[in-house]
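Working notes, structure below.
The values are calculated or read from the model by the stated rules, or taken from the named source; none is laboratory data. As the structure is a computational prediction, the values presented were derived from the model and not from experiment. All Cβ positions, even for glycine, are placed from backbone atoms using ideal geometry, and neighbour counts span all protein chains on display. Side chains are part of the model used for accessible areas, which takes the heavy atoms of the whole protein and leaves out ligands, DNA and RNA. Shrake-Rupley method; radii C 1.70, N 1.55, O 1.52, S 1.80 Å.
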Amino acid sequence: MAHSTRSLASPAVVSVRLSPTSPQRQPPPIRFRLLARPGRRRDNKGGADRVVIPREGPAGQLPHSSAARMAARGLLLLHRRGYSASALAAAEDMVISSLRRLPSTPLAIPPPFPTRPQCIDAPPGPRPPPPPTALLSAADRLRGFFLLKLPGRASLHRALSSTGLDASTALSPEVLPDVVNPGDLGGAATVAFFEWAVANSDPPPSVHTCNIVIRALGRKKFFDFLNDALQIMRRNSVIPDLTTLEIIVDSLVAARHVSRAVEVLSTDQFGFGIGKACHRKEALAILIGCLCRRSHVGLASSLLQVARKELLGLDNHVYNYVMGGWARLGNVDKMQEVWTKLQEDGLLPDEVSHCHLIEALGRAGRTEDALRVFENMVHVTYGPTAMAYNALIFNFISIGDLDKCIKYYKDMLDKNCPPNIDTYFKMIKAFLKERRVADALQMFEDMLARGVLPNTGVITSFIEPLCTFGLPHAALMIYKKSRKAGCVISLKAYKLLLERHAKFGKSGIVLNIWEEMQECGYQPDKEIYEFIVNGLCNVGKVDAAVSVVEESLRNGFCLGRIVYSKLNNKLLEMDKIETAYNLFKKVKVARALTNSRNYCRANAGT
């Protein structure tokens with residue numbers, strides 16, 4: 001039978017003891033130490049108040065449970081808040097009654113601990129494959145390890161091999177450009193990745209694949225690492241060709257390292273063996289062509305004069321490079337000098353030479369002379385060709401006379417001379433520049449009707465200016481006609497269309513374009529989600545916008561503060577307080593994860 005004992009001399013001491021009915025030894029009780037009430041006397045030990053409750057007992061006794069703990073906590077709360085002696089007495093009775101009402105079922109005896117430690121690890125075996133990373137593309141998974149700044153070449157190669165992507169996949173045309181071209185991947189990192197990919201690729205990659213890495217290094221001006229990349233190619237039996245030399249020379253000229261580009265031919269800095277394996281005439285033609293494309297025509301003319309003195313046996317292509325450079329500058333006198341040198345070397349001007357002459361005369365404002373040269377080409381020398389008509393049409397485009405362009409375009413069709421992609425591209429771009437959208441759409445329809453299909457970059461160049469002025473109907477027409485004709489639409493074009501239609505509140509068209517984009521294999525990113533949410537908010541479809549935001553959070557993208565604030569304000573205006581609060585909690589967690597991820601990436605390896 002349980003009973004309660006109170007000390008009258010020391011009212012701050014409260015103890016509860018249960019007398020066992022068997023002589024078995026009880027486990028040590030749980031002691032709650034309470035802070036003494038201010039002004040109350042302490043016990044003889046000077047300690048705090050105590051409440052003693054047994055842990056458990058043998059079968060048939062009162063075990064320790066949550067109910068007893070709750071009752072004791074109530075008593076502690078009374079002590080802490082400083083209630084009267086009658087309230088304390090009532091609390092003691094409550095503790096005793098709670099203990100009496102507890103069931104007398106004994107606790108299950110836990111299994112004994114083993115005397116010796118047992119190994120619970122599984123036997124060694126093959127490591128499981130890495131989990132799929134749905135949020136990262138193959139290129140991002142390969143680029144991510146360079147954020148860690150792993151020490152040593154071996155550790156980096158092991159990390160790249162642990163991505164689950166083999167070297168052949170890393171060197172594929174779909175993955176390799178996305179690894180080496182975008183972002184801030186350094187020269188050393190690019191060479192390290194290239195070394196791992198080429199060394200582990202079976203069979204070795206082609207020269208065309210390796211030129212992608214060479215072009216990326218040259219575009220980012222990592223010229224000090226070009227020799228390392230070429231050495232990796234040669235060690236793996238991949239011999240650089242003339243295209244590799246042209247990429248290197250063009251990169252140097254584009255970066256205004258013209259003297260270094262010229263020294264490539266004289267010093268053979270990159271080991272191409274110019275004069276042995278690679279003919280000097282072909283290398284000189286590559287250098288002159290790169291200089292003329294980058295408007296270094298004066299130096300190209302000097303090199304042409306040096307080559308004539310060395311009797312290298314230049315052909316029409318080298319002379320045409322220099323004449324084309326002077327023609328773009330509109331310098332007719334310099335071009336005629338090159339024309340004379342061409343004839344002195346026993347060569348005859350070809351169709352390309354006459355087209356350069358028409359271009360030079362047109363840019364110099366001598367339109368009548370250009371028309372006489374054109375008439376001579378069409379009726380006497382070469383007949384009606386697309387190259388001759390293009391030269392004349394491009395002249396009228398340069399001076400802004402689009403009506404003459406249309407005239408000679410129709411004359412071109414009447415003489416059964418089919419226009420090519422250059423004709424349509426120049427004319428459509430000129431119409432869009434002058435904002436003659438109807439003429440541009442008509443020309444685009446004629447192009448598709450004649451079977452001339454534009455590539456991805458051309459379609460994007462048509463859609464981009466149409467998304468900067470006026471209604472988005474014209475851009476949508478070009479998109480639909482291109483898609484119907486089987487052309488490939490770029491991700492940039494999809495983003496332009498989504499942004500423009502969302503701005504005008506075309507939510508239905510936005511959702512259709514979004515679905516078609518996913519059907520083409522493009523995965524939405526943060527920018528696309530923001531466009532869609534913005535468009536849905538503009539027309540008041542907040543429920544659909546909330547669904548899009550939740551999908552973006554599931555895919556690992558946290559929207560920007562401006563778009564989220566716009567949606568949150570719309571929800572509050574429509575009295576959707578609970579929806580706004582639930583979305584706020586999800587966005588708060590996602591933004592914390594995004595900030596942590598960005599911080600780790602910014603401070604990786606530091």
Distance between Cα centroids, segment 172-250 to segment 523-573: provide it in whole Å. 41 Å
Below 11 angstrom from the Cβ of V198, what's the summed charge of the other residues (Lys, Arg +1; Asp, Glu -1)? 0
Mind giving me the FRET efficiency for R436 and V380? R0 is 41 Å, r the Cβ-Cβ distance, nearest 0.05 is fine. 0.75
Ignoring ligands, DNA and RNA, what percent of the 1.4 Å accessible area of segment 475-590 is carbon and sulfur? 52 percent
Normalised per residue, the volume inside the convex hull of the alpha-carbon atoms of segment 413-505 in Å³ amounts to 86 Å³
If you roll a 1.4 Å probe over the heavy atoms of the protein chains, what accessible area per residue do you get for segment 556-606, in Å²? 70 Å²
Of the cross-linked pairs K506/K586; K309/K334; K415/K481; K429/K541; K404/K429; K429/K481, which ones have a Cα-Cα span greater than 26 Å in the structure shown? K506/K586; K415/K481; K429/K541
Rounded, prolate or oblate for segment 206-343? Axes are the square roots of the Cα gyration tensor eigenvalues, ordered a ≥ b ≥ c, and the cut-off for rounded is a/c under 1.5. prolate
Nearest-0.05 FRET efficiency for D422 and R280 at R0 = 51 Å, using Cβ-Cβ distance, is 0.95
Could you work out what % of the accessible surface of segment 367-451 is carbon and sulfur, using a 1.4 angstrom probe and leaving DNA, RNA and ligands out of the count? 50 percent
Here the net charge surrounding L329, from other residues whose Cβ is less than 15 Å away from its Cβ (Lys, Arg +1; Asp, Glu -1), is +3
Please say if segment 498-591 is rounded, prolate or oblate, where rounded means a/c under 1.5 for a ≥ b ≥ c the square roots of the C-alpha gyration tensor eigenvalues, and otherwise the choice is prolate for a/b larger than b/c and oblate otherwise? oblate
Classified through the alpha carbon gyration tensor (a ≥ b ≥ c as square roots of its eigenvalues; rounded if a/c is under 1.5, else prolate when a/b is larger than b/c, else oblate), segment 450-606 comes out oblate
Loop-only check: which chymotrypsin sites (Phe, Trp or Tyr not before Pro) in segment 466-509 are DSSP coil with at most 11 other Cβ within 10 angstrom? F469
What trypsin sites (Lys or Arg not before Pro) does segment 445-509 have in DSSP loop regions with at most 16 other beta carbons within 10 Å? R450
Probe 1.4 Å, accessible area per residue of segment 367-421, Å²: 50 Å²
Just add up the charged neighbours of N320: K/R +1, D/E -1, any other residue whose Cβ is under 11 Å from the Cβ of N320. -3
List the aspartates and glutamates whose alpha-carbon lies under 15 Å from that of K484, not counting same-chain residues fewer than 8 positions away? E445, D446, E516, E519
Between the alpha carbon centres of segment 314-376 and segment 392-441 the gap in Å comes to 22 Å
